[in-house]
Amino acid sequence: MKMGTALIYDEEMTKYKLLWVDPVCKIEVPERLTVSHEALIKTGLADRCISVPVREATDADILLVHSEEYLEAVKKTPYMTLEDLQEFTLQYGDVYFHPNIYHCAKLAAGAALQLVDSVMTGKVRNGMALVRPPGHHSMRSAASGFCVFNNVAIAAQYAKQQYGVKRVLIVDWDVHHGQGVQYCFEDDPSVLYFSWHRYEHQKFWPQLKESDYNSVGKEKGAGFNINVPWNKVGMKNSDYLSVFCHILLPVAYEFSPDLVLVCAGFDSAIGDPEGEMCASPDIFAHLTHLLMNLAGGKLCAVLEGGYNLTSLPQSVCQTVQTLLGDPAPRPANLDGPCESALESLHCVRSAHRQYWSCLKHAAELPTSDVTTKRIKLAEEEEDKLKKVEEEKNAEEEVWPEPPKRVAPAVRTALVLPNDVACPDGCKRFSSSEDPVIVNKLRKNFLKDADDSDALTSLSSLIALVEKMERNEICNGLALVPDVSMAMMCVVQHAATALRNRVLVVCVGDAGVSSHGTEDGKTLVVQFSNREPEEQKCKYHISVCLKKGCSDVSGFAQAVLGLLLPLGYEYDPSLVLLARTPDSGLCDSVWQQLTGLLQGIAQGHTLVLMQEAETSCVGPTASSLFGDAAPSLGKLHAPLPEDVEALERLRHRLQVDWKLLQTTAPETG
Ligand SMILES: NCCCNCCCCCS
Ligand SMILES: [Zn+2]
């Protein structure tokens with residue numbers, strides 16, 4: 001049921017600009033929209049989207065968030081002289097008005113509403129609106145930070161009112177705090193607002209105390225406002241992915257939204273004069289991918305900031321290409337979150353532990369003196385490094401073009417016994433038996449050489465792996481007589497053939513070969529309910545859950561907070577996902593796992609299942625084919641012993657795996 005991706009853009013929104021000198025506002029230029037749209041055209045992405053027209057938000061729409069007096073005031077601006085416009089602007093901060101900005105602000109808000117309509121009526125699965133003026137800083141009765149109407153806040157209220165949406169998740173990955181969104185929903189438990197933002201201990205604009213991590217929401221909304229302050233510039237891909245895996249995703253899955261809105265600001269990308277961060281544009285492919293299995297895939301991304309006319313279009317293209325379902329590029333050098341980011345991560349998780357069961361066992365807030373000492377030490381240390389850094393790259397930031405993301409000709413290939421039907425859309429795969437492969441298999445694997453159907457399925461499997469390695473096929477599913485043997489066979493083949501690494505994810509108690517784990521060519525992560533004997537080595541990890549994988553929330557938290565960070569850091573070229581009938585996994589959890597793992601290894605996921613599990617072929621194929629996994633529903637609290645076990649395991653493994661860190665290492 002793969003549906004399309006909407007793209008909303010109208011050049012009318014380029015027809016306003018700054019009419020006087022104002023150094024703060026001069027970066028907000030019409031070219032932001034034109035370079036972004038042109039990039040989508042040039043890369044062919046625009047043609048793959050469903051073009052949806054803008055519309056003007058009505059007074060009623062705008063009044064969902066703003067006051068009548070504010071709307072009436074803004075309505076007068078088209079008739080103002082230049083002096084009046086400058087006078088009118090002075091009452092607000094870091095924003096400018098123009099005779100045509102009211103019209104454009106109605107179109108920007110209306111574009112967000114068109115996107116919500118398209119997604120909620122099922123016309124499309126997801127989409128992106130390229131708009132200006134942005135919205136997330138504007139407040140009930142005030143313009144702010146280049147924003148006039150709060151496009152995403154209006155869209156959230158509209159979705160609740162028009163479609164009876166119960167829970168809306170707003171993810172604000174713009175580098176500024178969307179204080180306007182926070183104020184709008186801080187006492188509203190039906191809207192979970194998540195924002196990270198440059199903060200520098202309140203030194204950075206808008207310099208609000210309430211942008212810090214301890215603003216968690218008010219009254220009934222307590223816990224539903226998550227602020228992640230960046231107290232240093234230069235944050236990188238690892239910092240962003242760590243916050244997604246250890247804060248946003250666990251909470252988002254527990255919240256289980258019916259709709260996801262993204263305040264898609266790209267001033268958090270490298271090269272931006274506002275953010276001064278160092279995350280590469282392709283990180284937005286992963287951030288987008290990680291949100292696409294929430295709310296059954298209903299995701300609306302609305303442009304906010306982004307002021308570097310090179311990284312902005314690159315980031316926009318990375319986002320749209322992922323919304324279209326193309327495999328994400330392999331993440332660039334994930335060398336672990338920096339000290340300052342770990343401080344923030346620790347503070348946010350601790351501030352929210354009382355509200356979210358997935359954070360229940362997050363470490364306590366560091367005691368004040370330890371913290372201040374640690375922050376001081378960390379700051380001196382990092383400032384020294386920064387000085388060196390600054391000397392080095394005082395010149396313009398440069399970064400490589402994001403890698404080309406070619407979707408293979410065949411997305412999903414299935415190796416099935418002849419009597420099992422192949423779901424539509426997927427391609428049945430069987431190889432001409434390559435004698436070399438056959439002989440090797442006979443020699444290494446098949447005791448009784450006449451076991452022909454094992455031979456057939458194994459040789460098809462190897463041939464499939466080779467096509468994935470050549471990027472001719474994206475992912476695959478194989479029903480095999482013996483999962484353990486098939487796993488071993490693929491791992492051994494891959495270890496030699498594949499230049500790179502294989503991540504083996506085992507669900508259930510299949511015997512797992514430790515082949516390749518001693519030298520790191522293979523990373524095995526096994527989920528089961530059997531207490532593991534001593535932890536073998538860094539590359540063979542057993543995750544023991546009390547009720548195995550049958551406890552949805554325990555398993556979900558293990559996947560989000562442990563498997564994903566491990567997988568991203570390991571950065572394999574193939575993900576081998578093996579499941580045995582005793583796994584106890586329900587289809588929707590299985591589909592979430594299969595969906596999320598496709599963000600790794602450029603989507604080269606190979607699923608192995610026992611031949612008996614024909615009922616699981618359909619759901620698995622649909623997830624491999626790119627359909628969003630069904631929502632898991634609100635997650636109840638995981639078993640305390642599971643959360644504790646995960647925390648202990650993460651604490652033990654973080655020595656070797658930096659993306660598992662959630663607190664700054666004790667200094668001194
Ligand atoms: N450099 C500090 C001045 C910030 N001025 C407002 C920025 C608004 C961004 C909207 S995404
Ligand atoms: Zn911004």
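Compute the distribution of all C-alpha to C-alpha distances in segment 130-229, in bins of 5 Å from 0, and list the percent of pairs in each, rounded to whole numbers.
Bins of 5 Å from zero give 3, 14, 24, 25, 21, 9, 3, 1, 0 percent of pairs.
Using a 7 Å offset from the Cα along the Cα-to-Cβ direction at both GLU83 and ASN444, what is the distance between the two label points in nm, to one decimal?
About 8.4 nm, to one decimal.
Can you give me the C-alpha center-to-center distance between segment 552-592 and segment 630-668, rounded to a whole angstrom?
Segment 552-592 and segment 630-668 have Cα centres spaced 15 Å from each other.
Let's test the formula: R0 of 45 Å, r as the Cβ-Cβ distance of LYS384 and ASP451. What FRET efficiency results, to the nearest 0.05?
0.10
LEU309 to ILE41: extension gain in nm, 0.36 nm per residue of separation minus the Cα-Cα distance? Display every interim value, and only then the final one.
Numbers: separation 268, 0.36 × 268 = 96.48 nm, distance 1.57 nm.
Here the segment from LEU309 to ILE41 would lengthen by 94.9 nm.
Relative contact order for the chain: what is it in percent, counting Cα pairs under 8 Å that are at least 6 residues apart?
12 percent
Which lysines, if any, have their Cα less than 25 Å from the Cα of LYS360, not counting same-chain residues under 8 positions apart?
Leaving aside lysines fewer than 8 places away in the same chain, those within reach of LYS360 are LYS166, LYS218, LYS220, LYS546, LYS547, LYS634, LYS658.
So what's the gap between the Cα centers of segment 323-354 and segment 37-67, to the nearest angstrom?
29 Å
Assuming R0 = 30 Å, what is the FRET efficiency of ALA407 and ASN333, from their Cβ-Cβ distance, to the nearest 0.05?
So, using R0 = 30 Å, E works out to roughly 0.80.
Would you mind checking segment 595-614 for residues with the amide N under 13 Å from a putative spin-label position 7 Å along Cα→C-beta of ASP587?
614
Starting from the Kirkwood Rh over alpha-carbon pairs, what translational D in µm² s⁻¹ does segment 474-658 have by Stokes-Einstein at 37 °C and 0.692 mPa s?
201 µm²/s
If you plug each phi of segment 181-189 into the Karplus form 6.51 cos²θ - 1.76 cosθ + 1.60 with θ = phi - 60°, what whole-Hz ³J(HN,Hα) values come out, in order, with x for Gly and Pro?
6, 4, 4, 5, 10, 5, 10, 10, x
How far apart, in nanometres, would the label points at GLU68 and VAL398 be if each is projected 7 angstrom from Cα along the Cα-to-Cβ direction?
5.9 nm
How long is the gain from SER51 to ASN418 if the chain were fully straight, where each residue apart is worth 0.36 nm and the alpha carbon distance is subtracted?
127.9 nm
Quick query: amide H of MET139 versus all other amide H atoms, modeled in the peptide plane; which residues come in under 5 Å with a sequence gap of 5 or more or a different chain?
The list, which skips near neighbours in sequence, is SER144.
From zero outward in steps of 10 Å, how is the percent of C-alpha pairs of segment 216-258 spread across the bins?
Final binned percentages: 23, 47, 25, 5.
Please compute the net charge surrounding LYS427, taking Lys and Arg as +1 and Asp and Glu as -1 over other residues with Cβ under 12 Å from its Cβ.
Counting the neighbours of LYS427, the net charge comes to +1.
Please report, for the Cα atoms of the chain, the Rg to one decimal and the Dmax as a whole number; what are they, in angstrom?
Using the Cα atoms of the chain, the pair Rg, Dmax is 25.3, 91 Å.
Using the Karplus equation 6.51 cos²θ - 1.76 cosθ + 1.60 (θ = phi - 60°), what ³J(HN,Hα) coupling, rounded to whole Hz, does each residue of segment 30-41 give in order, writing x for Gly and Pro?
Taking θ as phi minus 60°, the curve returns x, 4, 3, 7, 5, 5, 5, 5, 4, 5, 5, 5 Hz for segment 30-41.
Between ARG648 and LYS218, with labels modelled 7 Å along Cα→Cβ, what's the label distance in nm to one decimal, could you check?
Going by the 7 Å Cα→Cβ label model, 4.3 nm.
Can you tell me the order of 177-187, 97-107, 631-641, 123-133 when each peptide is scored by its average per-residue count of other Cβ atoms within 10 angstrom, highest first? Write down the numbers at each step before the final one.
Details: 177-187: 24.1, 97-107: 22.0, 631-641: 15.8, 123-133: 25.7.
Final packing ranking: 123-133, 177-187, 97-107, 631-641.
Considering only DSSP beta bridges where both residues belong to the chain, give the percentage that are antiparallel (nearest 5). Mind dumping the intermediate values first?
On the way: 3 of 70 bridges.
Here the antiparallel bridges make up roughly 5 percent for the chain.
On a 0 to 90° scale, report how tilted helix 151-163 is relative to the longest principal axis of the chain, with both axes built from alpha carbons and the result rounded to the nearest 10.
Rounded to the nearest ten degrees, it is 70.
Please report the antiparallel percentage of DSSP beta bridges with both residues in segment 471-562, rounded to the nearest 5.
10 percent
Through the Karplus equation 6.51 cos²θ - 1.76 cosθ + 1.60, θ set to phi - 60°, convert the phi angles of segment 418-424 into ³J(HN,Hα) values in whole Hz; use x for Gly and Pro.
Taking θ as phi minus 60°, the curve returns 4, 7, 9, 5, 9, x, 5 Hz for segment 418-424.
In nm, what is the difference between 0.36 nm times the number of residues separating ASP434 and LEU90 and their Cα-Cα distance?
My answer for the length gained is 116.3 nm.
Percent of accessible area on the chain owned by carbon and sulfur, 1.4 Å probe?
Reported share for carbon and sulfur atoms: 53 percent.
The values are calculated or read from the model by the stated rules, or taken from the named source; none is laboratory data. If you're wondering where the values come from, they're calculated on a predicted model, not measured in any experiment. When we count neighbours, we look across all protein chains shown, and the Cβ atoms used for this are built from the backbone with ideal geometry, even at glycine. Surface areas here come from the heavy atoms of the whole protein model, side chains and all, with no ligands, DNA or RNA. Shrake-Rupley method; radii C 1.70, N 1.55, O 1.52, S 1.80 Å.
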